[in-house]
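Beneath this line is the structure, given in structure tokens, with notes to follow.
The values are calculated or read from the model by the stated rules, or taken from the named source; none is laboratory data. Fair warning: this is a prediction, and the values are worked out from it, not measured in the lab. Here the Cβ positions follow ideal geometry from the backbone for every residue, glycine too, while neighbour counts run over all protein chains shown.
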Amino acid sequence: MTYRLWGTPNSLYTGKARSYLIKQGIPFVNCAAGEARFREEIVPKISRWIIPVLESESGALIQDGADIIAHFEASGASRHPAYPQTPRHALIGQIFELFGGEGLLRPAMHFRWNFDEVNRPFISADFSASLAPTGAPQDMRDAIFDMASKRIRKAMASFGVSAETIPAIEASYAEFLDLFEAHLVHSPFVLGGRPTIADYGLIAPLYAHLGRDPYPARLMQTRAHRVWRWTERMNRADQDAGEYGAPAETLFPDDHVPETLKALLRFVAEDYLPEIHAFVAFTNAWLAQRPELRAGTSGLDRVQDRFIGEAAFDWRGHTVKAVVAPYRIYLLQKIQDVFDGAVAGPQSDMASLLEETGLKDLLGLRTSRRLLRQNHLEVWGEKP
């Protein structure tokens, strides 16, 4: 079976799904979200314009990179399982799925949209090529990019990117690059010789935005060459790790967590845990104000809406306001599910790792109702 992956080359979330399909050897073709069929047939079926969407030959649809990966993992179709089987590795994988897709949004947005002198010629052509109808004239392509650009630049502020926070965003990203570069000295992937959900989470921002747009790509190439090679490696069907001497395609033995990886986890604690605290607290207050919210619904006026409000938190010396997306609860729950599903011994090992790296709060930051994905939408589960 050959699948269709509806998305764009510049899409953060499409990049996650695409990398997984490539690495697992799952046959697929890239399909542009600007095609008429996507607008006319796919969007009505998933209730909103959102990418990526995977379409099977039978017409079955899966929307969202996390769900695409989960589908193939459950079917046993993966060549290299994305979910590690040992407790600490499994936990780490889910932490980086959350952090990659959501915790690196500020640098992803900043480095794409605030360097027009370098980036604009590329992203203008790139966006219009994948979003405009086939054969569209240049003036229509320009108009489509301008509309998308204005909308996304406005949204950028809602993720906490502002003139005041930009220096901290750049410093934070530089620190992350240095830490990831140091970790990749000895292994080609986050947890060893093959990719896992940790890599698929991180590739989302580190390829489409930060490893492909001209300004941040140049920054990555010159500051963190191993990270840049990792973005290449994550889009190759083979291991592509010759500089490591073709290591075995296995994970670190005995659930080992190197010090360089612990350093990355400490960075996540410093850089993203304050926001997790804020969006969980906001969500619980939001739910408390809606005691009659029916299970299986989002509580939002329109099905295409993805945010329930805005939360404030302290981050690197700034008070930042950022939108609250229930989808992040969905990814946070996956971390907690790994812990909850383990027996006492492995739970102790996981708890010790979280304590050591400053991430112990992840286990207790829970919403009063579970967030589910049903019919391609985020909805709330039953009341406890």
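Details
- Annotation note: of Ala285, Ala278, Ala263, Ala269, the sole residue that is assigned by TED's automatic domain parsing to the domain that holds Pro346, within 25 Å of Gly160 (Cβ to Cβ) and loosely packed, with under 15 Cβ neighbours inside 10 Å is Ala285.
- Residues being free of Cβ contacts under 8 Å to residues at least 60 places away in the same chain and either in a helix (DSSP H, G or I) or buried (at least 24 other Cβ atoms within 10 Å of the Cβ) (or both) - total across region 190-210: 0
- Criterion violated by Ile144 - all others in (1) β-branched (Val, Ile, Thr); (2) at pLDDT 90 or above; (3) in a helix (DSSP H, G or I) satisfied: (2)
- Some residue of region 5-17 being part of a strand (DSSP E or B), at pLDDT 95 or above and aromatic (Phe, Trp, Tyr): yes
- The condition of being more than 30 Å from Glu259 (Cβ to Cβ), surrounded by 17 or more Cβ atoms within 10 Å (Cβ to Cβ), out of contact with any helix residue (DSSP H, G or I) (no Cβ under 7 Å at 6 or more places or on another chain) and of a type outside the set (D, E, K, R) does not hold for Ile68.
- Hits in region 248-290 (condition: assigned to a helix (DSSP H, G or I) and among the β-branched types (Val, Ile, Thr)): Thr260, Val268, Ile276, Val280, Thr283
- Search result, residues across region 164-189 that are aliphatic (A, V, I, L, M) and either in a helix (DSSP H, G or I) or surrounded by 14 or more Cβ atoms within 10 Å (Cβ to Cβ) (or both): Ile166, Ala168, Ile169, Ala171, Ala174, Leu177, Leu179, Ala182, Leu184
- One residue stands out in region 23-38 among those that are touching a Pro at 6+ places or on another chain (Cβ under 9 Å) and part of a helix (DSSP H, G or I): the one that is farthest from Asp301 (Cα to Cα), namely Lys23.
- For region 82-96, the criterion of being in a loop (DSSP other than H, G, I, E, B), closer than 21 Å to Gln239 by Cα and among the aliphatic types (A, V, I, L, M) is met by at least one residue.
- Extreme residue, farthest from Ser187 (Cα to Cα), among residues of region 212-259 that are surrounded by fewer than 12 Cβ atoms within 10 Å (Cβ to Cβ) and polar (S, T, N, Q): Thr222
- Candidate set: region 1-48, residues that are within 23 Å of Thr196 (Cα to Cα) and of a type in the set (Lys, Arg); chosen: the one surrounded by the most Cβ atoms within 10 Å (Cβ to Cβ): Lys16
- The conditions of being surrounded by fewer than 22 Cβ atoms within 10 Å (Cβ to Cβ) and modelled with pLDDT of 95 or more are not met by Ser75.
- Any hit, region 98-111, residues being buried (at least 19 other Cβ atoms within 10 Å of the Cβ), in contact with a strand residue (DSSP E or B) (Cβ under 8 Å, 6 or more places away or on another chain) and in a helix (DSSP H, G or I): no
- Residues in region 51-74 that are over 14 Å from the mean Cα position of the chain (by Cα) and assigned to a loop (DSSP other than H, G, I, E, B): Ser56, Glu57, Ser58, Gly59, Ala60.
- Scan of region 126-163 for residues that are surrounded by fewer than 12 Cβ atoms within 10 Å (Cβ to Cβ) and over 30 Å from Ile308 (Cα atoms), ordered by number: Thr134, Gly135, Pro137, Gln138, Asp139
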